[in-house]
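Below: the structure, in structure tokens.
The values are calculated or read from the model by the stated rules, or taken from the named source; none is laboratory data. It should be emphasised that the depicted structure is a prediction, and the values quoted were computed from it without experimental measurement. Every residue, glycine as well, gets a Cβ built from its backbone with ideal geometry; the counts of neighbours run over all protein chains shown.
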Amino acid sequence: MRASVDRAYCLLDIKSVTPAGRRFSGLASTPELDRQGDSLDPAGATFAASIPLLFHHDAKQPIGRVTLTRTPQGIAFDAELPEIDEPGPLKARVDEAWQSIKAGLISGVSIGHRILAGGVEYLRDGTRKLTKTEICELSLVTIPANASASIRLVKSLAQGDVMPLTAAEHITTLEQKRQTLADGMAGLMDTAAQENRHLSEDESAQHARFAADAQQCATTIAQWRDTEALQIKTATPVRRIVSPYAHVSVTPNVEKGTQFIRYVCAQAIAHKTHVPAYEIAARWNDSTPEVALALKAAVAAGTATDAVWASPLVQPNITKDFIELLRAATIVDQISGLYKVPFNAKIPQQTGGGTYNWVGELKPKPVTSLTFGSVTLDWAKIAAIIVLSQELIKLSSPAAEDVVRREMVAGIARFKDAQFTDPAIAAVAGVNPASITNGAPTAAATANPWADILGLVNHFTTNNIPVQGLTFIMSPANALALSFKTFADGTAQFPGVNIDGGSWKGMKFIVSNTVTTKVIALQPSLILYADDGGTTIDASGEASLQMDGAPDSPVAATTILVSMFQMNAVAIRAEQFTNWKKINANAVKYLTAANWPAPTGFERDASAGE
């Protein structure tokens, strides 16, 4: 190997050995420190579909092929040593390697890797974290550490206590062998082409053997695929010997969103106290150790939309539960069937129909055409700033932690819901979209919810808009009033609807206090919606803010600013990239002044028909 290729050693942790096929597998690398003081990050490692297996890192002594796979424990490998029939140095080398593995004389593996640009992070203890690497080869090596343990394992496997391979593992092994044979055939052809000649007699015979073996592999792979399909169809269990040391995942017993809130708050405290954020997060290691792990790995400021920042969170998945919690709280994220589109992409839209008519025998048919246009959703951003005291942000108790979580979720949700439903919100180019009710047809509500809801449904049928999947947005009070309405026999008029919303007759009901006395009906399929799926969170203890829901822009001489530093407070800024737009003017209709009365006491309402 070239001198620029580094080594990273690992104990040969063999999972299985199949003597007949000379196959074995285990761990090639883990995130633990190697004996060179480096920690290789499996998430940042790249490798080809198949890499060479060498003997003691000697590029002139290949002995097989290896397939690498990322696992929670590190980078796993599956390797196979070919069975060489012809006597010679190659057969002797491969046989020696296989015998050394079975005898326990080879107890370790080592990857040969190349560090890519920007792929080194120097840690505080002087060690290095390799975040971007290319794994070039895997070698069998001799490392004495813990050799006795691996010897016992190999001996046990060699004595017949072998885990049978699954159909998928057989297929993978055969595909690796077929690839090795294909590489051999290509090597013979390349050598002859470079020397501008045909294959020799021996080379032709070897090429034919390779081709025959490759065809046999293809046939056997097809047979194993049929076996695998039958096993799946009949749910036939495959016997496996399960290690008592199998990987166990533990889900922390904390409220949804807690991990992310702790991550943000630890960063805020660290910014103020100059204590490393991961040390602050260590106080929660008993319940959310992944927070300290993510903070120790992160380098840049935290934004959930930045792939550089988000990459350290891929493993602990800190943001996921917060996003799920937020989506459950907002109106737009509860609506099913919105026309999801990417940002800045032109979406075709039919703006005019054709001309159609009856045509008699031997009569000319009308020539018609369709009219099309397009609509594009640009980037738009929702933002809100939540100000909390330093005492609260330090999360001295679970109650304070819950306040932070509820404030962040509720603050974003309230703003987003109002922007989505308030008829007064008009589009501002480059800033915000219009609400779905802006410019939409409207009507005054009556005291009869049956008539009001059917009137909204009739709006869509009148305008030739499908009513399947219609969604209603209303206040919890109006939804509760619907749940109280009963027929003369006591059965509910709107079964399935309660103070939390629900569904009725195939239509969905969503509740939100932001709509006040409006009742909004919409067809989700006629509303374009773009969302990058992330939330950007930043914190500052030095900023000066105008404590106003509608801050001056630009700042005037009369603007009153409050210093976070002076007030011992922290401002947490939350941002989301999102946009929406109606593609049909009649996609939404809403009622005003809806205040449906609930029956007093428990008397039954006979005013509505069955």
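Observations on the model:
- Only residues that are at pLDDT 90 or above, of a type in the set (D, E, K, R) and in a helix (DSSP H, G or I) were counted across the stretch 405-428, and they come to 0.
- Check on Phe565, modelled with pLDDT under 80, surrounded by 12 or more Cβ atoms within 10 Å (Cβ to Cβ), outside any strand (DSSP E or B) and of a type outside the set (S, T, N, Q): yes
- Qualifying residue in the stretch 91-109 (condition: over 16 Å from Gly26 (Cα atoms) and assigned to a strand (DSSP E or B)): no
- Qualifying positions in the stretch 470-498 - surrounded by 16 or more Cβ atoms within 10 Å (Cβ to Cβ), not small (Gly, Ala, Ser) and not in a loop (DSSP other than H, G, I, E, B): Thr471, Phe472, Ile473, Met474, Asn478, Leu480, Leu482, Phe484, Thr486, Val497, Asn498
- Tabulated pairs, the stretch 57-84, first surrounded by fewer than 20 Cβ atoms within 10 Å (Cβ to Cβ), second of a type in the set (Phe, Trp, Tyr), C-beta under 6 angstrom, 6+ apart or interchain: Gln61/Phe55
- Hits in the stretch 515-549 (condition: more than 29 Å from the chain's Cα centre (by Cα) and either modelled with pLDDT under 90 or on the phi > 0 side of the Ramachandran plot (or both)): Thr516, Gly541, Glu542, Ala543, Ser544, Leu545, Gln546, Met547, Asp548, Gly549
- Pairing residues of the stretch 444-458 that are in contact (Cβ under 8 Å) with a residue 24 or more places away in the chain with residues that are of a type outside the set (A, V, I, L, M) and outside any loop (DSSP other than H, G, I, E, B), at Cβ distances under 6 Å and at least 6 apart in sequence or on separate chains, gives Ala444/Thr592; Ala445/Asp452; Leu456/Lys589.
- Residue in the stretch 41-49 that is more than 18 Å from Gln176 (Cα to Cα), at pLDDT below 65 and outside any strand (DSSP E or B) present: no
- Among the residues making up the stretch 429-445, those that are in a loop (DSSP other than H, G, I, E, B) and small (Gly, Ala, Ser) are Ala429, Gly430, Ala434, Ser435, Gly439, Ala440, Ala445.
- Among (1) at pLDDT 65 or above; (2) surrounded by 13 or more Cβ atoms within 10 Å (Cβ to Cβ) - the single one Leu153 does not satisfy: (1)
- Residue check for Gln215: more than 28 Å from Gly74 (Cα to Cα), surrounded by 10 or more Cβ atoms within 10 Å (Cβ to Cβ), at pLDDT below 85 and not acidic (Asp, Glu): no
- The stretch 175-198 residues that are at pLDDT 85 or above, paired with ones that are part of a loop (DSSP other than H, G, I, E, B) (beta carbon under 6 Å, 6 or more apart): Ala192/Leu199
- Across the stretch 325-343, the qualifying residues are those that are at pLDDT below 80 and in a loop (DSSP other than H, G, I, E, B), and the one among them that is surrounded by the fewest Cβ atoms within 10 Å (Cβ to Cβ) is Pro342.
- Residue under evaluation Thr471, criteria (1) modelled with pLDDT of 95 or more; (2) over 23 Å from Val588 (Cα atoms), criterion not met: (2)
Residue by residue, here is whether (1) hydrophobic (A, V, I, L, M, F, W, C); (2) over 35 Å from the mean Cα position of the chain (by Cα) holds:
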| residue | (1), (2) |
| --- | --- |
| Thr461 | no, yes |
| Val467 | yes, no |
| Ser475 | no, no |
| Lys485 | no, yes |
| Asn498 | no, no |
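- Check on Ala530, touching a residue at least 40 places away in the same chain (Cβ under 8 Å), assigned by TED's automatic domain parsing to the domain that holds Ala418, closer than 22 Å to Pro597 by Cα and not in a helix (DSSP H, G or I): no
- Filtered residues of the stretch 86-137 (kept if surrounded by 17 or more Cβ atoms within 10 Å (Cβ to Cβ) and among the aromatic types (Phe, Trp, Tyr)): Trp98
- Residue check for Ser540: of a type in the set (Gly, Ala, Ser), in the same structural domain as Ala418 (by TED's automatic domain parsing) and closer than 18 Å to Pro476 by Cβ: no
- Meets criteria (surrounded by fewer than 13 Cβ atoms within 10 Å (Cβ to Cβ), at negative phi and of a type outside the set (Asp, Glu)) for Ser553: yes
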